[in-house]
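Asker: Provided herewith is a single structure, encoded as structure tokens, for subsequent inquiry.
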Amino acid sequence: MRIDIITVLPELLKSPFEASILKRAIDANLVQVHFHNLRDYTTDNYKSVDDYQFGGGAGMVMMIEPIDKCISKLKSERQYDEIIYMTPDGERLEQKLANQISLKENIIILCGHYKGVDQRVRDKFITKEISIGDYVLSGGELGAAVLCDAVIRLIPGVLGNETSALTDSFQDNLLAPPIYTRPREYKGMKVPEVLFSGNFPKIEKWREEQAMARTKELRPDLLKE
Ligand code: ADE
């Protein structure tokens, strides 16, 4: 998978890709992530990427020309499956959407800033608009980092144990069951006995019951879907 991220603040985005699982995935060439600074596609001396709104109103708008130049250059080099715009009014990012995107070959992610982008960018170039939640961030970069993390960890080979993403919370609309490690007892707090039974069907059944009970208590909305 190849991810091209278009941003006015590449420095805000880079660190999540320089540590931990994302770095390992990039080093193992399971995913390629490229950053494109929108200011490199400007035509004036001030490297302007935004301008005042037509019709008046507070807040600047990202101009179409640098975005067109950047996206057109990328599209001349390869085919893209999806051109995503990070915006609070997009489709809410949930596990199902992350799963779908993890199957793509090449994607572009455009990070919005200021009031957002000129509507013509959305009409002409964007194939999917994604929000990471009902709150407004100061730019799309943190949203893009969240999206990339959720997607990259699903790419086969990225997680050590191939099945481990499949047992995450949300993968079957259930929260994950409780997990334990050593010591078996800590300050009087014990690990449930069933986990030492060696009876794997029984352990599996216990985990399913726990997942269901947790979901009922904490996220009953997931069971209605
Ligand atoms: N840009 C600003 N707010 C955002 C959000 N909630 N999700 C994605 N991109 C954003």
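The values are calculated or read from the model by the stated rules, or taken from the named source; none is laboratory data. What you see is a predicted model, and the numbers here were worked out from it, not measured in a lab. A quick note on method: Cβ atoms are made from the backbone with ideal geometry, for glycine too, and the neighbour counts reach across all protein chains shown. Calculation scope for accessible area: heavy atoms of the full protein, side chains included, ligands and nucleic acids excluded. Shrake-Rupley method; radii C 1.70, N 1.55, O 1.52, S 1.80 Å.
Asker: What 222 nm value per residue comes from the helices of the chain, counting each DSSP H run with n ≥ 4 as -39,500 (n - 2.57) and dividing by all residues, nearest 500 deg cm²/dmol?
Answerer: -9500 deg cm²/dmol
Asker: On a full-extension model of 0.36 nm per residue, what is the gain between residue 124 and residue 46, subtracting their alpha-carbon distance, rounded to one decimal in nm?
Answerer: Taking residue 124 through residue 46 to full extension adds about 25.5 nm, to one decimal.
Asker: What whole-number value in Å² describes the accessible area per residue of the chain for a 1.4 Å probe? Intermediate results must be reported in sequence, preceding the final value.
Answerer: Numbers: 13570 Å² over 225 residues.
On a per-residue basis, the chain sits at 60 Å².
Asker: Ignoring ligands, DNA and RNA, what percent of the accessible area of the range 2-152 is carbon or sulfur (1.4 Å)?
Answerer: Details: 3910 of 7960 Å².
So the carbon and sulfur contribution to the accessible surface is 49 percent.
Asker: Sort 96-104, 194-202 by packing, meaning the average of other beta carbons within 10 Å per residue, with the highest value first.
Answerer: Output ranking for 96-104, 194-202: 96-104, 194-202.
Asker: Rounded if a/c is under 1.5, else prolate if a/b is larger than b/c, else oblate: which is the range 2-152, with a ≥ b ≥ c the root eigenvalues of its Cα gyration tensor? Spell out each step's value before the answer.
Answerer: On the way: a/c = 1.68, a/b = 1.43, b/c = 1.17.
Prolate is the answer for the range 2-152, as a/c is 1.5 or above and a/b outweighs b/c.
Asker: Could you tell me whether the range 75-170 comes out rounded, prolate or oblate from its Cα gyration tensor? Rule is a ≥ b ≥ c as square roots of the eigenvalues, rounded for a/c under 1.5, then prolate if a/b exceeds b/c, otherwise oblate. Provide the component values of the computation, followed by the final result.
Answerer: Working: a/c = 2.49, a/b = 1.48, b/c = 1.68.
Oblate is the answer for the range 75-170, as a/c is 1.5 or above yet b/c matches or exceeds a/b.
Asker: I'd like the distance between the alpha-carbon centres of the range 79-155 and the range 1-75, rounded to an integer number of Å.
Answerer: Their Cα centres are 12 Å away from one another.
Asker: Between residue 79 and residue 189, what length in nm is gained on full extension when 0.36 nm per residue of separation is reduced by their alpha carbon distance?
Answerer: On the way: separation 110, 0.36 × 110 = 39.60 nm, distance 5.53 nm.
Length difference between fully extended and current span is 34.1 nm.
Asker: Could you tell me which chymotrypsin sites (Phe, Trp or Tyr not before Pro) in the range 1-83 are loop residues by DSSP with no more than 11 other beta carbons within 10 angstrom of their beta carbon?
Answerer: Numbers: sites: 17, 35, 41, 46, 52, 54, 80; in loops: 46, 54, 80.
Those satisfying the criteria are 46, 54.
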